[in-house]
Structure formats: structure tokens, C-alpha cells
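The values are calculated or read from the model by the stated rules, or taken from the named source; none is laboratory data. It should be emphasised that the depicted structure is a prediction, and the values quoted were computed from it without experimental measurement. All Cβ positions, glycine included, derive from the backbone under ideal geometry; neighbour counts span all protein chains shown. Ligands, DNA and RNA are excluded from the accessible area calculation, which covers all protein heavy atoms including side chains. Shrake-Rupley method; radii C 1.70, N 1.55, O 1.52, S 1.80 Å.
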Amino acid sequence: MNWTDKLIDPLATALADSGPWIRVEEARNGGWLCLSGNPGDPAVNWHHLVQDGTLTHLLPMEDKRLPAMATACSRWISDGFSLQLLAWRVGSRSIFRLSRKNQFCYAKIFRRNRLTTERWKHLSEGSPGGLWQVPAILDWNEEDKILIIEERVGLNLNQQWTSGIWLDQHLEALRQVLHWLATAEILDLLPIHTVEEEIRILNTRLEVFHRTLKEPHSNVTGLVEKVQARLNSIGDQKLVLCHRDLHDKQIITSWEGGSLIDLDLLAQGSSALDSGNIIAHCKLRSEQGNPVPWESIAKILSRDASDRGVESEALVTWTASTLARIALIYARRKRHQGLITKLLSSLDDLLENRGEWQGVIG
């Protein structure tokens, strides 16, 4: 069965005989945004689908909410750069890879400036001892909201895992990055990611889940409500510096050292947030067939978190919240048969401390 067959009409009907399709999002102006291509392709080939089934191919340079893209590309080409559009979130942001001779960098174009340079500069000195770095800022155009950053050498963990490579050094990399963030100085002007905000995000994802799937899983609402109740009950937590979107695609390793990328959401947050993100994503990658020993990873990261004063209940709760978000999001993405059911079943086991999760966190 094609994964798009599980979507509501007119999505299922309109996408049935075309594609392949990778992802579906609700459009701000009505209808849906549908991403075509294959996993691993640049996320740029978007189409707009309206209620009557009309499917229109969207062009990046015609994105009216990102008017700086066309002029910036023209300027870069005039300066002798070759361009590759790597990612485009319609109406929100885009990412280009620029190359000229032996010079390589990335340009990120934003619709809004949300403390962009403050977030990216905060970790610019790297981790203690220099083991980990973030890409250096080469230029910031405040008027057009264009950030130019250096390219870091190496492969992200996801690229290695999907190639069938798992090394013990990968676990050590996860541990080092989490320790670095949890012990780094907090920048007071950074926003605080609160429990209330996490609950709001889960509600939004759940609403889209129900509006998009033809036959939503019957127990998903109850599971999300359990996660939200746990979030409300864990009480005040120590605030630390949080990446907030920390997973395997954000961590690059090489013989020259490690790099942490995509600092757009850097914030203050629960000391369990980033660890929970990593553990949940390792579980996801294992379910996707990657050679990731998620249980041993979770046990070790749980022990490290405990050594930093994180209570097991908080870590379980934030892991569960990420696992719930992943299940809600991946229901609108290309995936193998049964993935969402497995993720929801795993979430249930995690919340009840049974099955595959029994004794893993704590």
C-alpha cells in the first residue's frame, strides 16, 4: 500500500498516480503543501494541492514571503558562486549551499529574525577543550535576514547510520554534545521553552494528525493526553541551554573533530529536553532499520542525565513527548508499513514502564 492512501481525500486521490511523495503539510492559505522526491533528496520540490484536486508546482523564486531569495541568488551568481538549493520551507526559510573554487558555505534565508545571530554566536567558542565546534558566521544581512555560515567537514550521524555504519564513537559524540549543552552558560535573552509551549505544540500536531489521516489511530488522542498530563505534573525543572531540535542530523563527526549545527531554536529549557529528543530519535532510527542500539544508548544517556541531576520522571516525560511528536509528524511522511503503530505502541510502553522500555530509563 502506498503511504498516501492513508490520507484523506482529495489528498489520497490526487497523489495516487503521481510522485513519489515524501511529505504533506497543511498550507497557510488553504489546501496542502506536498513534497515530491525520494528520501535524501533536497526538500525543495513542493506542490500546492487545493480542495478540488488541482495540483500546482511551486517555484522557490516566486515565494512572496521570502522575497530576498531571487535577488540574493542573482547576487551570488554574479559573484561567481555555484548554488544548490538544499531545503525550502515554503513561506518560512530556505538553505543554499554556495561554492566557488575551494570555498564552500551555506546561506540560510529567514522570513523572520528570531534572535538569529545571538543564537548562532552563543556557542561560537566551542566546547571546553575544543572537541566540538559550531559553524562560524561569515556574514549576516539583517535587512534581508540572510545568514552565511561556514561548511563543517564530516558526515552527520544520520548519514552514517543510514549507510549501515554504527561506531561506539557515535555514542560518545552524543554524550559529549549533551554534556556540553547542559553545562554551557545560559544566555538570559534566549526564550524559555516551557511545558505550556510543549503542550501547545502537541495539540497542534494532534489536530493536524486528525485532519490529515483517513482513519486516525483510535488510541492516539489518549496517548497524547497522557503525555500532556505527565508534562503538567513534573513541576519546576532546572533550566539549561537547549538545542531544542537535537537529533542525529544535527551532529557531524570527522577525523578533525565534531560539529553541532542548526542553532535556530537555541533556548533555555528543561535539563531533560535534549536528552529526551536524542533517545526518542534513536528509537525512531532503529525502527527505520538503522543499526542503532537504542536501548543501550538510552540507558547510558539516562545515567549521564541522572549524574547531572535530571530526575528519571522528567527524562521519561520529555522522551515521551518527542516520541509522540515524531509519531504525529511521520504520519504525514513517507514511511514503511506499520511504523506509526509501532511508535504509538512504544510510546504506550514508555509511559507505563513496561515491555521494551522497562528498566531502560531510570
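Observations
- Flag for Leu86 being touching a Lys or Arg at 6+ places or on another chain (Cβ under 8 Å), modelled with pLDDT of 95 or more, of a type in the set (A, V, I, L, M, F, W, C) and more than 19 Å from Ile329 (Cα to Cα): yes
- Test: residue in the stretch 154-163 that is in a strand (DSSP E or B), touching a Pro at 6+ places or on another chain (Cβ under 7 Å), in contact (Cβ under 8 Å) with a residue 12 or more places away in the chain and open to solvent by 20 Å² or more (accessible area, probe 1.4 Å): no
Okay, residues lined up against (1) loosely packed, with under 13 Cβ neighbours inside 10 Å; (2) among the aliphatic types (A, V, I, L, M):
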{"position": "Leu178", "(1), (2)": "no, yes"}
{"position": "Glu185", "(1), (2)": "yes, no"}
{"position": "Leu190", "(1), (2)": "no, yes"}
{"position": "His193", "(1), (2)": "no, no"}
{"position": "Glu207", "(1), (2)": "yes, no"}
{"position": "Thr221", "(1), (2)": "no, no"}
{"position": "Val227", "(1), (2)": "no, yes"}
{"position": "Arg230", "(1), (2)": "no, no"}
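- Every pair of residues 6+ apart whose Cβ atoms lie under 6 Å, when the first sits in the stretch 112-133 and is closer than 13 Å to Leu187 by Cβ and of a type in the set (Lys, Arg) while the second is part of a loop (DSSP other than H, G, I, E, B) and modelled with pLDDT of 95 or more: Arg119/Leu263; Arg119/Leu266
- For first residues located in the stretch 45-69 and free of Cβ contacts under 8 Å to residues at least 40 places away in the same chain and open to solvent by 90 Å² or more (accessible area, probe 1.4 Å), partners that are charged (D, E, K, R) and not in a helix (DSSP H, G or I) and lie 6+ apart or on another chain with Cβ distances below 9 Å form the pairs Pro67/Asp144.
- Qualifying residue in the stretch 82-97 (condition: open to solvent by 20 Å² or more (accessible area, probe 1.4 Å), of a type in the set (A, V, I, L, M, F, W, C) and over 19 Å from the mean Cα position of the chain (by Cα)): yes
- So Leu347, is it in contact with a helix residue (DSSP H, G or I) (Cβ under 9 Å, 6 or more places away or on another chain), open to solvent by less than 10 Å² (accessible area, probe 1.4 Å) and under 15 Å from Leu223 (Cβ atoms): yes
- Answer from Glu287, Glu256, Glu313 - the residue that is in contact with a Ser or Thr (Cβ under 9 Å, 6 or more places away or on another chain), surrounded by fewer than 17 Cβ atoms within 10 Å (Cβ to Cβ) and in contact (Cβ under 8 Å) with a residue 24 or more places away in the chain: Glu313
- Scanning the stretch 99-146 for residues that are open to solvent by less than 40 Å² (accessible area, probe 1.4 Å), in a strand (DSSP E or B) and within 19 Å of Pro67 (Cα to Cα) gives Ala107, Lys108, Ile109, Phe110, Ile146.
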